[in-house]
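J.: This structure is in C-alpha cells; I'll ask about it shortly.
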Amino acid sequence: MSEAEPTVFVIDDDLSVRKATERLVKSVGLRVMTFASALDFLKSARPDCPACLVLDVRLPGLSGLDLQRLLAERQVHIPIIFVTGHGDIPMSVQAMKSGAVEFLTKPFRDQALLDAIVQAIERDRSARRQQAEIAQLRERFDGLTPREREVMGLVANGLLNKQIAAQLGTTEKTVKVHRAQVMQKMHAGSLADLVRMAERLRDREP
Amino acid sequence: MERITERKRAEEARRDSEELKSRLLAASEDCIKVLDLEGRLLSMNEGGMQALEICEFAPFADSSWIDFWQGEDREAAQAAVEKGRNGGTGRFVGYFATAVTKQPRWWDVVVSPIRDAEGKPERLLAVSRDITKHKLNEEALREAHLQVARSEERRRTLLEINNAIITNLTQDALLHALCEALRGVVPVDRASMTLYEPSRDTLRILAVERQWRTDFFQVGVEIGRTNSHLGWAFDHQRPLVRRDLETEWQFPTEQHLIEEGIRSYCVAPLILGGKGIGTLNVGSLSKNRYSESDAELLSDVGSQVALAVRNMRSYEEIAALKDQVAHTAERRRTLLEINNAIITNLTQEALFRSVSEALQRVIPFNRAALTIYNPERGTFRFLALESRFESDYFRVGLEYDRKESVSAWVFDHQQAVVRHDLEKEQEYPNDRRLLAEGINSYCVVPLAVGGRSIGTLNLGSETKGQYSEADAEFLQEVGNQVALAVENMHSYEKIAALNTEVARSEERWRAVFENSAIGVSLQDVNGRFLAVNRAYEKMLGYTEEELRGLSFLDVTKEDDRESNWALATELLEGKRERYQVEKQYRRKDGSLLWVRNNVSLVPGTESIPRFLLVLSEDITKRKRAEEALREAEAELAHVTRLTTMGELAASIAHEVNQPLAAIVTNGSACLRMLSGESPDLNEVREAVADMIRDGKRASEVIARIRALFKKQQAQKAPLAINEVIEEALVLTRSAVERNGVLLRPDLGDDLPPILGDRVQLQQVVLNLIVNAIEAMSSVTDRPRQLRVVSHREGANKVLVAVRDSGSGLDPANIDRFFDAFYTTKPGGIGMGLSISRSIIEAHGGRLWAVPNEGPGATFQFALPVGARNRP
C-alpha cells in the first residue's frame, strides 16, 4: 500500500520560532508546512498524508487550544504537539486531556520535538490505516442488503443459524445463504474475522 | 519952547491931580464935607451925598451942618466944630437917618481945620464915616451880653432842674425840686405836671407840688384835652400865659384855678422830639406875674422835664423790664426744672408730671398733654396726660387721626397755635370736645428734635385768652426740651431693651462659648490670651489661668510660628478680615495636635479694644486619616506601577522565551544539518544568522526588563500575613455586606512572618476576595459563603485560600484565568489574576485555583516563610 509522504504542520505566530522549527524538522528529512495563525491553517489545502501539528498554545485570534477543539469537532484527527512559552499545569492537562500528543515548553530539546513528531506521525499513520480499513469495511458493509446486514449483526452477536432464522422468521437455509453472501461481500475469511469486522464497525457507530 | 512945555506939563500935572482928588472924593464912601468956621456947609462929596440919599447939594449950601444933628449929637457936633475952629480935631459918633428912606445911620464924625497959608484955620473939613453896622453890632453885643447874663441864670436854673431831674427819680420829688429851682427865676405859688393819656384823650395829673394839693388838683385826676387850658397849650405846643385870670379866662377848667385863688398862671407844653407829651403848670396868687420870657423859660424847662419824664418812663420801663426779667428768670428756672425733670425722670408719666408741675407755676392751665405722632398710621397718641385732667375721651393712650385736631398743623408747620376763644375759633372735632369739657383756650406747640417733629405739647385752660404769644414761645422751648427728653427716653428704652437682649445673648453666648466642642479663644492684638473656653483648655492641656500669661505663639509648634504671626499681622493691618489656618499646637505635655483655626478680628467698641477671636477645631484624627490616605494613595500608585510591571513581566517573559526557543531550535537544526553527509551549508548559515538575530532580540528584551525592574523595586519586609488579610477584609467589608455574603474568616494562629510587600500582597488578597464576591453574585439558590483561610503549609510555606460558593470554574478556561486580559466579568479588564499571579510569583510563591468539591472554587496562594535576608 503506497503511502503519501508524511507532513509536519507548524503553527506559530513568531516568525523566528516558526522558521527554526521548520529548519529543524526539515533537517531530519520531513516535509514541513508553516502557518502564522490557526485560521491560516484551517483555510489551507492540506495534503492527504500522515501528518502532525506543532501548535503554539498562544496564538493571536484562535488560540492553540481553540484550534484543538475545533479540529476535534470537525473529526480532523491530526495529532497535535503543543509548544508554549510559559505553559502551566492546567493548560497542559487540558491539552493532554483533549488528545494532545505532547506538550513541550519552549525552548524545547530538539530530540523531544522530533521524537514527538515521529511518534505523532506514526500514530497518524496507523490511525489513517485503521480509518482506511474501517472505511473499506463500511463500504463493504454498505454493499450488503438490509437482510444481510441483519444477519451479519446477529451472527456477530454469536447467534446460531437456527436462532437467527427463528428471529427473522425465515428458514435456516435462507440464513445460511445470507451468511455466505455476507462472508463473501465482507471479505471475511472466517466467522471470527466477521465478528471482529462487525465490532469495529459497531465501534464507529455513534 | 521948553518953558512953555514945562508949564504945560505942570499945568497938566496939576489938572491930573485935581481930577484925581475930585475922583477920590467922589469915590469915597465917607461923607466928606467942607464947612466954614461957623459950621455952614460949603461943599460935599458925591459919595457922601449918595450915602445921605441927597440928590443935589444946592438946597443944603450954607445950611448949618450942626443943625443936622439932634439931641446929644448936636451938642457933640457943635463942640467938634468949635474944636476945629480952634485948630484942633473934634470927633463924635452921632445918629442920623438918611434923607429919603430914613435908614438909621450911625456916623463916626471927625472935624478938622483946613489951614490957610499962614497956618490959621480957614475952613473946616468934616468927614463922617458910616458906622451903622458897627454900631448895630455893638447894640447886639450889648443885648447879647444882657441875654447871656439872663440865660446864664436860666441855664443855672435849668441845670438845677436838670440836677433835680437826674437826682429825683419820682415825679413828686422832681416837681418839688423843679419848683425850688424855678422859684429863683419865676414866681411859683402853685405847680403841677400833667401827662397826655392817648387812650382816653386826657391830660392826667402826674404830680402836684405837695403843699398845694387840693381836692381837684390831685395826682391821677384827668383833665380833658378838649376845651381845657392845658389842652390848648398841649395842642398848640405853645405856652399859655394868663396875666389876669379873672378877666382873661376862657376855658371852664380855669374856673377851678380861680376857685383856688390863682390870679395868673403859665402853662408850658412838655415837648419831646416835636411831640407833646403833657404840660408843666405854674400859677401865682397875684396878677401879672408871668411875662413872655417867663413862658419861654418854662417852655425850656418843659423840654427838660419832658426828657426827664421820658427818662422816668424809661426808668419805669426798665423797672417793668426788671419785672419782666424776673418773670423770664422764673420761666428759665422752670425750664431748668423741666430739664431736671427730664434728666431725672425716666418714665414718661413721671417726667410729664414733673414738667406740668413746673409749668403750672409760670403758665396756668387746666389741661396738659403730650402727644406723639405715628407716621405710619397718621395718628397722634396721648403719651401722657396730666392725670387730674383725664376725661372719658382725653386719656393716655388715646389715638386720634391727624384730621381730628390742630396737632397735625402744629406738627407739620412746627409752629405753635394759640386759640384764645374756642367758642369762636373751634375748627377740629377735638376743639369741640375740649369746649364741651369746659376748655376755652389752648396753646399747642410742636415737640421738635433736630428740626424734626415727633409730637405736640398741649395746654388748655378754662379761661378765655389764657395764652399769649410769649407763652407760646416759652412753651415751644419747653416743647423742645420735652421732645429731647422723649427722644432720649425712647433711646433709653431701646438701649434698655438692647441691654436686656445683650445680657440674654451674652448669657447664651457664654453658654455657647463654654460648652462648645470647638475651642474658642479670645486674644488681644499681641496674641495674648484673654479668655478661652473649656474645650480649648482641654485641647491644649493648659488652664485658662495658665494661658492668660501666654500668647498663641507660645502654644504654636515652632515651625508654624513665623507664618502664623504673618497671618495675624495681616489681619491686624486690615489686609484680611479673617483667615483659616491648619496648624499644630504644642500641648502642655509637649505633644502635638493638629487644629484648624478660624481667626477673625473683632472690631473694638468704646469700652472694649479690638481682639482676635479664634475658633480651634481639633483635626488631629482627620490629619492622621489624611496622612494614612496619602500613604495609601502613594502605595496604590506604587501598586499600580507594580501591577503594570507585573503584567508586563508576563508578556516580557514570553518575549524573551520566544527568541530563546528559536535560537535553541536553530542550533539544534544546525547540528543536525552539519552532521549529515552533505550538509546544506547555506541553510546552516541562514540558521546561524537567525540565531544571532534572535539572540540580540532576546538581549534587548532583557535590557528592557532590567530597566523596568530597576525603577520598580518592590519593598519587601517581614510582615504578618494575617494583618494583610484583615486589612483587606476591612476594605471589602462593605462589598461583602452589600452582596449578602456570609464571611467566615479562619485565620491561623502563630503564623510565621513572611517577607513581602504589604501593599502588593494586600492587592492580591483584595483581588481574590472581590473575585469571589462577584463569582457569587448570581447565586440565589444557596448561601453565599466566603471563607478566607490562612494556615501553615509545611515547614516553609504559608497558604492563603479564598473559597467561594459561586459558579465555580470552567475547566475549559481554567488555565486562562491567570492570563492578562482574560476575564469572565462583564466589566473586568482581565488584569486582576494576572497581576496577582505576577505578584505572588515575584514573592517566590504560587497562585492557583481549584474547583471545590461542592459549589464554587478556591483560589489560593502559598508564600515562602520570610527567613531570607536579602536586600
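J.: Rounded, prolate or oblate: which one fits the stretch A:162-206, using the alpha carbon gyration tensor with axes a ≥ b ≥ c (rounded when a/c is under 1.5, else prolate when a/b beats b/c, else oblate)? Write out the running numbers ahead of the final one.
T.: Values: a/c = 2.67, a/b = 1.55, b/c = 1.72.
Because a/c hits 1.5 or more and a/b fails to exceed b/c, the stretch A:162-206 counts as oblate.
J.: Summarise the long-distance tail of P(r) for the stretch B:569-621 by giving the % of C-alpha pairs beyond 13 Å.
T.: Details: 882 of 1378 pairs.
Value for the stretch B:569-621: 64 percent of Cα pairs lie more than 13 Å apart.
J.: Same structure again: Out of the stretch B:348-412, which GluC sites (Glu not before Pro) are coil in DSSP terms and have no more than 12 other C-beta atoms within 10 Å? Working shown, then result.
T.: Details: sites: B:Glu349, B:Glu357, B:Glu376, B:Glu386, B:Glu390, B:Glu399, B:Glu404; in loops: B:Glu376, B:Glu386, B:Glu390.
Qualifying residues, ordered by number: B:Glu376.
J.: Sticking with this structure for a sec: Fully extended, how many nm does the chain gain between B:Arg510 and B:Glu562 (0.36 nm per residue separation, minus their Cα-Cα distance)? Mind dumping the intermediate values first?
T.: On the way: separation 52, 0.36 × 52 = 18.72 nm, distance 3.19 nm.
Additional length available on full extension: 15.5 nm.
J.: Compute the distribution of all C-alpha to C-alpha distances in the stretch A:62-195, in bins of 5 Å from 0, and list the percent of pairs in each, rounded to whole numbers.
T.: Over the stretch A:62-195, the share of Cα pairs per 5 Å bin runs 2, 9, 15, 14, 10, 7, 7, 8, 9, 8, 6, 3, 2, 0 percent.
J.: Still on this structure, I have one more. Applying 1/(1 + (r/R0)^6) with R0 = 45 Å to the Cβ-Cβ distance of B:Asp201 and B:Glu399, what FRET efficiency is obtained, to the nearest 0.05?
T.: Values: r = 56 Å, r/R0 = 1.24.
Step by step, r from the Cβ atoms, then E = 0.20.
J.: What full-extension length gain, to one decimal in nm, is calculated for B:Arg142 and B:Lys424 as 0.36 nm per residue of separation minus the Cα-Cα distance? Show your work: numbers first, answer last.
T.: Values: separation 282, 0.36 × 282 = 101.52 nm, distance 7.54 nm.
So the extension gain works out to 94.0 nm.
J.: Go ahead and run the numbers for FRET between A:Thr174 and A:Asp142, Cβ-Cβ distance against an R0 of 25 Å, rounding to 0.05. Could the numbers behind the result be given before it?
T.: Values: r = 22 Å, r/R0 = 0.88.
Step by step, r from the Cβ atoms, then E = 0.70.
J.: For the stretch B:541-556, in order, what is each residue's ³J(HN,Hα) by Karplus, 6.51 cos²θ - 1.76 cosθ + 1.60 with θ = phi - 60°, in whole Hz (x at glycine and Pro)?
T.: Values per residue, Gly and Pro as x: x, 9, 8, 4, 4, 5, 5, 4, x, 10, 10, 4, 5, 5, 9, 8 Hz.
J.: Next up: Give the separation of the Cα centroids, the stretch B:438-501 to the stretch B:661-703, in Å.
T.: 125
J.: Please work out the Cα center distance from the stretch B:6-77 to the stretch B:542-557, rounded to the nearest Å.
T.: 141
J.: Two decimals is fine: what's Rg over Rh for the stretch B:443-511, C-alpha atoms, Kirkwood radius as Rh?
T.: That ratio equals 1.32.
J.: A further question follows. So what's the gap between the Cα centers of the stretch A:108-178 and the stretch A:88-106, to the nearest angstrom?
T.: 32
J.: Enumerate by residue number the chymotrypsin sites (Phe, Trp or Tyr not before Pro) in the stretch A:1-89 meeting two conditions: DSSP loop (anything except H, G, I, E, B), and at most 15 other Cβ atoms within 10 Å of the site's Cβ.
T.: Numbers: sites: A:Phe9, A:Phe35, A:Phe41, A:Phe82; in loops: none.
Qualifying residues, ordered by number: none.
J.: One-quarter of the Cα convex hull surface for the stretch B:45-87, in nm²?
T.: Mean shadow area of the hull around the Cα atoms is 3.7 nm².
J.: Now for a separate question. Can you list, bin by bin at 5 Å, the percent of alpha carbon pairs in the stretch A:7-54, starting at 0?
T.: Taking all Cα pairs of the stretch A:7-54, the binned fractions are 5, 23, 34, 24, 12, 2 percent.
J.: So, one more: Mind ranking B:294-300, A:169-175 by how tightly packed they are, going by the mean number of other C-beta atoms within 10 angstrom, highest first?
T.: Details: B:294-300: 20.0, A:169-175: 13.9.
Per-residue Cβ counts within 10 Å, averaged per peptide and sorted highest first, yield B:294-300, A:169-175.
J.: Okay, moving on. Can you figure out the FRET efficiency of B:Glu677 with A:Arg123, using R₀ = 35 Å and their beta-carbon distance, to the nearest 0.05?
T.: Working: r = 30 Å, r/R0 = 0.85.
Working from the Cβ atoms, E equals 0.75.
J.: How big is the stretch B:426-467 along each principal axis, measuring the range of its Cα positions in Å and listing the largest first?
T.: Result, largest extent first: 35, 21, 13 Å.
J.: Want the number for B:Asp116 to B:Lys8: 0.36 nm per residue separation, take away the alpha-carbon distance, what's left? Show your work: numbers first, answer last.
T.: Values: separation 108, 0.36 × 108 = 38.88 nm, distance 2.66 nm.
Between B:Asp116 and B:Lys8, full extension yields an extra 36.2 nm.
Quick note: the coordinates plus some simple rules give every number you see, no bench work behind them. Quick caveat: nothing in here was measured; it's all calculated off a predicted structure. So basically every Cβ, Gly included, is an ideal-geometry build from the backbone, and we count neighbours across all protein chains shown.
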